[in-house]
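Each remark here refers to the structure printed beneath this line.
The values are calculated or read from the model by the stated rules, or taken from the named source; none is laboratory data. What you see is a predicted model, and the numbers here were worked out from it, not measured in a lab. Please note that ligands, DNA and RNA were not included when accessible areas were found on the heavy atoms of the full protein model with its side chains. Shrake-Rupley method; radii C 1.70, N 1.55, O 1.52, S 1.80 Å.
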Amino acid sequence: YTTLFRSRSQCMSYIEELSKEEQINKDISDFLEGKQTAKFYHVQKQEWFWESKRHKRDVPTHSKNALLYYRNYISQKSELNKYFSERINGIPKKSLMELAIIFHDAGKLDIYRRTWSMKWHEKYTSENQISEIANNFKLDEEQKRYVNAIIYFHHYLPENLTEEEKNLITNN
């Protein structure tokens, strides 16, 4: 029993010693491995939700696939690798982008329950879930804004944006 207790104690100490970046990356790996955690509640609660012509799978599976696609895509593009290696207050944009990808559809179920439509689910996440997401991952305000902007604008195709929208995205 003492050995087991010490191991658990050491494990808890190790978790506490992880840097913010390491913890975020560990959490992202846990998500990809399908581990259920409170940090990903808004996505994982939708395991059964919304298989459609746009989402061949439910929301968590779609988010996992999008994340894996992103990782593969940027690994082939040196200019993107360079951009995503830049840091916002110590956290690489790559890690923040991965959080945004995981949570990009987090508001679908909640907005659907209110409106019977998933239109504006990104706005719902931005207004109702982003603070909790940021708190769960200990994001500062600048990191939170970065993740929020990606989530909020993920449906906007560049060719369909007005100049005002482009400026808003660029400045945020």
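Return the long-range amide H neighbours of D58 (sequence gap of 5 or more, or a different chain), with a cut-off of under 5 Å between placed amide H atoms.
Sorted by chain and number, the residues that satisfy this come to none at all.
Check I88: other-chain or 5+ apart residues with amide H under 5 Å from its amide H, H built from backbone geometry?
K93
If only Cα atoms are counted, what is the Rg of the range 87-139, and what is its Dmax, in Å?
Expressed in Å, the Cα Rg and Dmax of the range 87-139 come to 12.5, 40.
State log₁₀ I(q)/I(0) for the range 23-153 at q = 0.19 Å⁻¹ as given by the Debye formula over alpha-carbon point scatterers of equal weight, solvent excluded.
Taking Cα atoms of the range 23-153 as identical point scatterers yields -1.11.
Would you kindly derive the ³J(HN,Hα) couplings of the range 136-145 from the backbone phi angles with the Karplus curve 6.51 cos²θ - 1.76 cosθ + 1.60 (θ = phi - 60°), listing them in order in whole Hz, with x for Gly and Pro?
Values per residue, Gly and Pro as x: 4, 9, 6, 7, 7, 4, 5, 5, 4, 4 Hz.
Stretched out fully, how many nm does the piece from K138 to E159 gain, at 0.36 nm a residue minus the Cα gap?
Numbers: separation 21, 0.36 × 21 = 7.56 nm, distance 3.42 nm.
Length gained, K138 through E159: 4.1 nm.
Once phi is turned into θ = phi - 60°, what whole-Hz ³J(HN,Hα) does the Karplus curve with 6.51, -1.76 and 1.60 give for every residue of the range 85-101, x standing for Gly and Pro?
Those phi angles translate into 7, 4, 10, 10, 6, x, 10, x, 4, 4, 5, 5, 4, 5, 4, 4, 4 Hz.
Rolling a 1.4 angstrom probe over the protein heavy atoms, how many square angstrom per residue are accessible across the range 47-144?
Working: 5580 Å² over 98 residues.
Normalised by residue count, the accessible surface of the range 47-144 is 57 Å².
Given the pairs K35/K144; K39/K77; K26/K123; K94/K119; K82/K138; K20/K93, which are separated by over 22 angstrom at their Cα positions?
Check vs 22 Å cut-off fails for K35/K144; K39/K77; K26/K123; K94/K119; K82/K138.
Roughly speaking, to the nearest percent, how much of the range 117-167's 1.4 Å accessible area is carbon and sulfur? Provide the component values of the computation, followed by the final result.
Details: 1420 of 3050 Å².
Using a 1.4 Å probe with all protein chains present, the range 117-167 comes out at 47 percent carbon and sulfur.
Short version: ³J(HN,Hα) in whole Hz for each residue of the range 73-83, in order, from phi by Karplus 6.51 cos²θ - 1.76 cosθ + 1.60 (θ = phi - 60°), x for Gly and Pro, what are they?
Residue by residue, the range 73-83 yields 4, 6, 5, 9, 10, 4, 5, 6, 4, 5, 4 Hz.
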